[in-house]
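What follows is one structure encoded as structure tokens, with my remarks underneath.
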Amino acid sequence: LLLVKRSVEAGSKDLEHDTGLKPYPLQKALTNIKNFSPGELEEMMFKSVEFYHKVRLNQADWEIGLEKLVLG
């Protein structure tokens with residue numbers, strides 16, 4: 001979503017090429033980007049990366065951490 005939002009804001013003419021997304025996921029992202037600000041999307045991205053690293057370092061449980069991430 002963040003990639004699509006940034007591409008749209010930058011005035012991209014060929015979103016499929018610039019984002020590397022196929023038409024269906026691109027259309028779904030375009031439909032949903034209006035629900036999030038760029039700040040919210042960046043925060044979700046950073047939390048996702050942080051969660052990934054905690055799981056890899058055995059500092060977090062996958063199932064519980066994923067549930068917290070989704071529900072948060």
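Can you give the angle from 0 to 90° between the axis of helix 38-56 and the longest principal axis of the chain, with both taken from C-alpha atoms, to the nearest 10? Result, in degrees: 40.
Given +1 on the Cβ of Lys and Arg, -1 on the Cβ of Asp and Glu, and no further charges, what dipole in debye does the chain carry about its Cα centre, rounded to the nearest 20? Don't jump to the answer; show the numbers that get you there.
Details: 10 positive and 11 negative charges, 23 e Å.
Value, rounded to 20: 100 debye.
Accessible surface calculations at 1.4 Å, restricted to protein heavy atoms, place the chain at 80 Å² per residue.
Here the chain exposes an accessible surface that is 57 percent carbon and sulfur, computed with a 1.4 Å probe and the other protein chains kept in place.
For every helix of n ≥ 4 consecutive DSSP H residues, a contribution of -39,500 (n - 2.57) applies; sum these over the chain, divide by its total residues, and give [θ] at 222 nm rounded to the nearest 500 deg cm²/dmol. All intermediate terms of the calculation are to be shown ahead of the outcome.
Values: 5 runs with 52 residues, N = 72.
That comes out to -21500 deg cm²/dmol.
Working from the Cα coordinates of the chain, the gyration tensor eigenvalues give, after taking √(5λ), semi-axes of 28, 12, 11 Å in decreasing order.
The values are calculated or read from the model by the stated rules, or taken from the named source; none is laboratory data. Not measured: the values here are computed from a predicted model. Every residue, glycine as well, gets a Cβ built from its backbone with ideal geometry; the counts of neighbours run over all protein chains shown. Side chains are part of the model used for accessible areas, which takes the heavy atoms of the whole protein and leaves out ligands, DNA and RNA. Shrake-Rupley method; radii C 1.70, N 1.55, O 1.52, S 1.80 Å.
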